[in-house]
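First up is the structure itself, then whatever we jot down about it.
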């Protein structure tokens, strides 16, 4: 992050921009995403577990919130407007463990670690509204490129066998963001900022590097290649549950299967400092 800001500063100075027109913003906080297919499938399993398991411990947790950090360099166009080029990073991961028994007394367990890492590279337009001689409110709007990595590892066991599946997906997508904040001076060139912002971006088709290893009553296997996160419905006792599965092709037992998407739309709440010259 520091190297990125240093490089941007050098670029601005080489183009003849006066240092008095430049400011830096550093912030951190919480990021929230929708998750869409991924979280719907996780909730579907939890609903299935609650309705059918006679003895269950643990729960699969949705991927919704994580920590966010970012930096931005602002170039002041006028007294009340600026453009900002920034880079952020947020990570959302869970460590889930579930054990259960389903009729007629069959035990099962799941250990999994889903992880989402996003690096948004953004370009924003800012407009400032002075509310006093020192305090500013501002709004921002812009676009960005969202570099996203999705990693999924799941170990599952039942009376029929056990195995571990992994999936690694790395993709990027163009998205949009906007927000508002308040800027409170702490010193002549340093301000405290509090900001809320929203983002709109979706990673389509979670397809990537896949591995599967395990043993069953039919033998053992060790496979790798291209796989996907699949989303569909699984029906048990007349009830359909949203479901996700990692596989190279659409699982035959999954109803209306489609390659899952990852909706990273959501919002960020953050606080930090702005340094001017």
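For the stretch 45-131, what mean projected area does the convex hull of the alpha carbons give, in nm²? Mind dumping the intermediate values first?
Numbers: hull surface 34.7 nm².
Averaged projected area of the stretch 45-131's Cα convex hull equals 8.7 nm².
For the chain, modelled as a GNM with alpha-carbon contacts under 10 angstrom, which of 252, 70, 163 fluctuates the most?
Judging by the Gaussian network model, the answer is 252.
For the stretch 143-277, what percent of Cα pairs sit more than 27 Å apart?
On the way: 3983 of 9045 pairs.
Tail of the P(r) past 27 Å holds 44 percent of the pairs.
Can you give the Rg to Rh ratio for the stretch 37-94, taking only C-alpha atoms and Rh from Kirkwood?
Values: Rg = 21.0 Å, Rh = 15.3 Å.
Result: Rg/Rh = 1.37.
Please give the FRET efficiency for residue 194 paired with residue 113, using the beta carbon to beta carbon distance and R0 = 25 Å, rounded to the nearest 0.05.
0.15
Counting only the backbone N, which residues of the stretch 188-203 are under 17 Å from the spot 7 Å out from the Cα of residue 135 toward its beta-carbon?
191-196
For the stretch 2-276, what is the relative contact order in percent, using Cα pairs closer than 8 Å and at least 6 residues apart in sequence?
Working: 742 pairs, mean separation 54.6, N = 275.
Relative contact order of the stretch 2-276: 20 percent.
For the residue pair residue 204 and residue 218, what label-to-label distance in nm results when each label sits 7 Å from Cα along the Cα-to-beta-carbon direction?
Modelled inter-label distance: 3.4 nm.
Going from the alpha-carbon gyration tensor of the stretch 97-151, what semi-axes, largest first and in whole Å, does one get by taking the root of 5 times each eigenvalue?
On the way: eigenvalues 505, 59, 13 Å².
So the equivalent ellipsoid measures 50, 17, 8 Å along its semi-axes.
Using just the helices of the chain, give the 222 nm mean residue ellipticity in deg cm²/dmol: DSSP H runs with n ≥ 4 each add -39,500 (n - 2.57), and the total is spread over all residues, rounded to 500.
After summing the helix terms and dividing by residue count, I get -3500 deg cm²/dmol.
Please state, rounded to one decimal and in Å, the Kirkwood hydrodynamic radius that the chain gives when every pair of distinct Cα atoms enters the mean of 1/r.
21.2
Have a look at 223, 113, 25 and tell me which one the Gaussian network model of the chain (Cα, springs below 10 Å) gives the largest fluctuation.
Taking springs between Cα atoms under 10 Å, the residue moving most is 223.
Starting from the Cα-Cα distance between residue 94 and residue 168, subtract it from 0.36 nm times their residue separation and give me the gain in nm to one decimal. All intermediate terms of the calculation are to be shown ahead of the outcome.
Details: separation 74, 0.36 × 74 = 26.64 nm, distance 1.56 nm.
Gain on extension, residue 94 to residue 168, equals 25.1 nm.
Select from 191, 132, 34 the residue whose mean-square fluctuation is largest in a Gaussian network model of the chain (Cα-Cα springs shorter than 10 Å).
132
Only the coordinates and a few stated rules stand behind these numbers; no lab work does. Only a predicted model underlies this, so the values are computations on that prediction, with no experimental measurement involved. Using ideal geometry, Cβ is built from the backbone for each residue, glycine included, and neighbour counts are taken over all protein chains shown.
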